[in-house]
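The values are calculated or read from the model by the stated rules, or taken from the named source; none is laboratory data. Quick caveat, the model's predicted, so the values are computed rather than measured. Glycine gets a Cβ as well: all are built from the backbone with ideal geometry, and neighbour counts include every protein chain shown. Ligands, DNA and RNA are stripped out before the accessible areas are found, and what is left, the full protein with its side chains, is counted by its heavy atoms. Shrake-Rupley method; radii C 1.70, N 1.55, O 1.52, S 1.80 Å.
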Amino acid sequence: ANEQVIDGRGWRSGALVETRELTQWFFKITQYSDELLSALGALDKWPEKVRTMQANWIGRSEGMLIRWALDKASAPKGQSELEIYTTRPDTLFGASFMAIAPDHPLAKAASEKNRALAGFCDECRRLGTSVADLETAEKMGFDTGIRAIHPFDKDWLVPVYVANFVLMDYGTGAIFGCPSGDQRDLDFALKYKLPVVPVILPAGEDAKTFAIKDKAADGDGTMINSKFLDGLSTKAAFEEAAQRLETTKLGKSAVGQRNVNYRLRDWGISRQRYWGCPIPVIHCDDCGIVPVPAKDLPVKLPEDATFDKPGNPLDRHPTWKNCACPACKKPARRETDTMDTFVDSSWYYARFTNPTSETPIDPKAAAYWLPVDQYIGGIEHAILHLLYSRFFFRAISDSGHGPESNNLREPFEALFTQGMVTHETYKSADGKWLPPNEIKIVGEGAARTATELSNGQPVEIGDIIKMSKNKKNVVDPDEIIGHWGADCARWFMLSDSPPERDVAWTEAGVQGAGRFVQRIWRLIEDAAGKAAPAGAPMPSAFGDDALALRRSAHKTLAQVGRCIEGLRFNVAVAQLYDFTNQFSAALGKSSTGLDWAIGEASQVLTKMIGPMMPHLAEECWSRLGYNTLLANEPWPAADPALLVDDSVTIAVQVNGKRRDELTIARDASNEDIQAAALKLEAVVRAMEGRLPKKVIVVPHRIVNIVG
RNA sequence: GCCCCGAUGGCGAAACUGGUAGACGCGCCGCACUCAAAAUGCGGAGCCGAGAGGCGUGCUGGUUCGAUUCCGGCUCGGGGCACCA
């Protein structure tokens with residue numbers, strides 16, 4: 001944190017802000033709302049989903065702040081106007097009430113002389129805190145008796161209600177209600193018998209017959225019942241109303257002002273718990289809030305805290321919180337709140353660029369390494385961790401603690417959100433969750449049944465869900481590694497599902513991976529005995545089978561390389577299975593130069609499995625006679641000449657239906673392909689004697705005969 | 001309520017920019033080896049049909065010589081946000 005604490009919300013960068021009587025600490029992420037939102041567009045290596053989620057979370061809306069004069073006769077003393085926020089100034093002529101939050105200053109002022117109103121506000125606060133049934137909470141309002149003057153008509157008085165659905169911390173905590181144009185306002189108006197004047201005529205409706213019943217017209221349309229706005233589209237009406245409000249004065253300044261609002265709130269980092277970094281400030285009766293001097297950082301947690309009671313162990317620790325004020329040296333108190341753990345995860349990647357640096361971040365190392373080229377994490381971090389990190393990285397840079405680089409704003413260049421490992425769940429007869437190693441499963445498919453190992457009681461087999469300690473559907477990694485080996489576990493997880501999707505951990509699946517591990521070992525063993533010695537010169541000619549093996553090896557190499565680059569590991573695995581099948585078959589053949597091709601294939605296969613099964617690959621490498629570490633070997637290059645075949649197989653369709661296929665020289669002309677296709681027996685039969693009207697030939701792919 | 005994503009065999013899935021749907025694996029079936037089992041090897045299979053053939057990528061229209069892929073409407077499933085003015 002910055003060493004300067006600045007009061008209120010006039011904060012710039014890096015400071016902790018005290019905002020309430022009860023000290024709660026915030027980071028002013030809202031300072032960056034606009035940048036965090038607009039910069040999302042440039043994160044083209046992030047999933048669209050995550051960018052959308054962040055954009056929604058930041059929640060930008062363009063609207064207007066409008067000041068309504070209050071009718072003097074009805075307003076409490078000292079209150080002369082009410083400022084509201086709206087995104088729909090175009091619907092102002094449909095206004096039939098104002099609504100303010102129970103905590104709005106005007107509500108408080110009015111409550112002083114109105115006990116019933118004060119009671120209503122208290123009731124709202126009480127209900128408001130039990131968030132549980134916010135969803136079903138009924139809209140409630142209370143007429144304050146105050147009247148506001150319509151900005152477009154000084155003789156039009158609008159009643160001011162306190163309403164439970166208006167939030168103090170969004171906009172200005174006050175709205176105007178247009179029942180015909182907003183469903184929530186309509187519900188409220190119907191309940192309190194307020195006027196409903198249609199102002200938007202949806203396309204296709206007739207102005208003479210159009211009426212609002214219980215469904216508001218909240219879309220676009222043409223303005224009606226709106227005086228000078230009549231006939232305009234909603235968009236044009238917004239502009240017209242906005243311009244008039246901007247140029248009309250109330251007192252010294254304009255009635256209306258265009259304004260951008262964000263849903264994003266400041267980041268409350270205060271936690272009343274032991275496990276977290278202490279917020280490094282000291283409370284002094286004379287000096288107020290004083291930052292802990294840099295030389296005394298970090299503030300360490302006491303090691304003798306007790307956890308026998310609920311509440312914050314730091315707060316009730318007998319001595320830890322007592323200290324001297326760094327400014328005046330008088331006795332003072334430490335802040336006992338600790339930081340949200342998301343604070344730490346917001347900059348660890350920058351620290352990692354030089355973990356021994358004296359300063360939190362080494363500007364040179366950070367500039368050299370950052371941004372992170374490829375960040376991988378779960379989708380559960382889509383908003384909080386990833387948004388906080390984007391903010392924090394900017395904040396540390398703007399406060400002079402970041403990388404030595406002018407325009408490094410984003411910490412993570414590319415983002416990949418991987419799926420989770422899931423497992424079946426098991427429940428005992430008395431409703432307790434059971435771990436997989438305490439049950440026995442018999443039968444297959446729909447006939448599978450499970451029993452408890454300890455007592456033979458029947459067990460219910462449940463859904464396949466994310467592994468969690470709570471549901472006990474967990475397989476201990478140590479057990480997996482002990483039984484199957486780490487390579488097998490890796491291989492299974494990579495092979496089964498694309499990495500962005502969940503993967504279901506199943507015993508059968510791991511067995512399959514285990515078999516493949518054995519198979520590779522046997523294959524390399526066999527191949528080592530048949531291969532030309534390492535370093536033997538490449539023969540000048542190859543027989544058909546030797547050439548086929550080489551082609552297969554090089555094609556697989558090219559594909560696996562592409563798949564790994566694209567994080568498509570399951571496809572890479574499939575290619576490796578495929579190649580292994582072909583390699584095995586080739587070992588039984590005899591062909592000119594086959595021994596050399598086998599040597600090459602062994603080497604290539606070993607290198608390809610290296611990133612996924614490093615232990616096995618090293619063993620294979622050694623078995624092949626190399627005394628180096630495979631991990632230090634470069635990724636092999638595929639020979640482009642071996643990636644294309646001399647002949648291609650293309651499908652032949654008649655009227656869009658596949659009838660046969662055709663193998664022909666790769667460089668055959670369209671005429672040759674067409675002629676060969678028309679001669680095929682299945683084609684002749686399907687044509688039933690008709691002449692082709694049209695023949696489409698797509699070289700190397702397909703022939704479609706229309707007729 | 002608003003926004004986003006997805007739907008392919010018994011299962012996990014693959015299919016480059018509209019061009020042979022189901023690669024590869026799991027499971028299954030058959031065979032070989034074995035006293036037997038496991039392991040291993042070989043072979044089979046989308047569904048219907050003896051076969052020829054027909055039907056098939058959630059449903060339904062459309063564009064196209066050709067649609068899992070593009071467009072419209074719908075159904076179901078998953079996720080995010082949610083009195084946001």
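Miscellaneous remarks
- Around the Cα centre of chain A, unit charges on the Cβ atoms of Lys, Arg, Asp and Glu (plus for the first two, minus for the last two) sum to a dipole of about 1180 debye.
- Over chain A: helical MRE at 222 nm, DSSP H runs n ≥ 4 each giving -39500 (n - 2.57), nearest 500: -9500 deg cm²/dmol
- Pairwise Cα inverse-distance average, inverted: Kirkwood Rh of segment A:187-311 (Å): 21.5 Å
- Of all lysines in the structure, those lying under 20 Å Cα to Cα from A:Lys330, and not within fewer than 8 positions of it along the same chain, are A:Lys295, A:Lys321.
- Selection of GluC sites (Glu not before Pro), segment A:658-707, meeting DSSP coil and at most 12 other Cβ within 10 Å: A:Glu688
- Gain in span if fully extended, A:Ala73 to A:Asp34, counting 0.36 nm per residue against the direct Cα distance: 9.9 nm
- Ligands, DNA and RNA are left out, and with a 1.4 angstrom probe the accessible area of segment A:43-134 is 50 Å² per residue.
- Length gained when the stretch A:Ala429-A:Ile696 is fully extended (0.36 nm per residue, less Cα-Cα span): 89.6 nm
- Overall, the accessible surface of chain A at a probe of 1.4 angstrom is composed of carbon and sulfur to the extent of 52 percent.
- Computed over chain A, the alpha-carbon pair-distance distribution with 10 angstrom bins reads 2, 10, 13, 15, 17, 16, 12, 9, 5, 1, 0, each value a whole percent.
- Estimated FRET transfer efficiency (A:Arg258, A:Arg351; beta-carbon r; R0 41 Å; 0.05): 0.45
- Pair-distance profile P(r), taking every C-alpha pair of segment A:301-450, with 5 angstrom steps and integer %: 2, 7, 11, 11, 9, 9, 12, 12, 9, 7, 5, 4, 2, 1, 0, 0
- In this rough spin-label picture, where each label sits 7 Å from Cα along the Cβ direction, the A:Asp578-A:Thr306 distance is 6.8 nm.
- Pairs of C-alpha atoms in segment A:422-569 farther apart than 23 Å represent 55 percent of all such pairs.
- When the pairs A:Lys300/A:Lys329; A:Lys432/A:Lys469; A:Lys555/A:Lys679; A:Lys154/A:Lys252 are compared against a 23 Å limit on Cα-Cα distance, A:Lys555/A:Lys679 fall above it.
- Across every pair of non-identical alpha carbons in segment A:661-707, the mean reciprocal distance, once inverted, gives a Kirkwood radius of 10.9 Å.
- Protein-only accessible surface order, largest first, of A:Thr91, A:Thr209, A:Thr359 at 1.4 Å: A:Thr209, A:Thr359, A:Thr91
- Positive dipole terminus of chain A, leading residue within A:Gln24, A:Ile673, A:Val343 (C-beta point charges): A:Gln24
- Its relative contact order, with pairs defined as Cα atoms under 8 Å and 6+ residues apart, puts segment A:352-446 at 31 percent.
- For segment A:484-567, the fraction of alpha-carbon pairs lying more than 21 Å apart is 52 percent, rounded to a whole number.
- Relative contact order %, chain A, counting alpha carbon pairs below 8 Å whose residues are six or more apart: 9 percent
- Using the alpha carbons alone, the radius of gyration of segment A:372-472 stands to its Kirkwood radius in an Rg to Rh ratio of 1.31.
- Extension reserve of the A:Arg685-A:Leu408 stretch, reckoned as 0.36 nm per residue once the Cα distance is removed: 93.0 nm
- Descending semi-axes in whole angstrom, ellipsoid equivalent of segment A:65-213, from the Cα gyration tensor: 26, 20, 13
- The label point for A:Ala534 and the one for A:Ala327, both projected 7 Å from the Cα toward the Cβ, are 7.1 nm apart.
- Put simply, the amide H of A:Ala532, placed in the peptide plane, has neighbours under 5 Å in A:Trp596, A:Ile598, A:Gly599, leaving out anything fewer than 5 places away on its chain.
- Label-to-label distance, nm, for residues given as A:Ala508 and A:Ala211 (7 Å Cα→Cβ offset): 6.4 nm
- In the context of the full set of protein chains, residues of segment A:231-352 present 57 Å² of accessible surface per residue (probe radius 1.4 Å, heavy atoms only).
- Spread of Cα-to-Cα distances over 5 Å intervals beginning at zero, given as percent, for segment A:237-387: 1, 7, 11, 12, 12, 12, 10, 8, 7, 8, 7, 4, 1, 0
- Proximity of backbone amide H atoms, modeled 1.01 Å from N, is registered between A:Val421 and A:Met467, A:Val503 at under 5 Å, excluding neighbours fewer than 5 places apart on the same chain.
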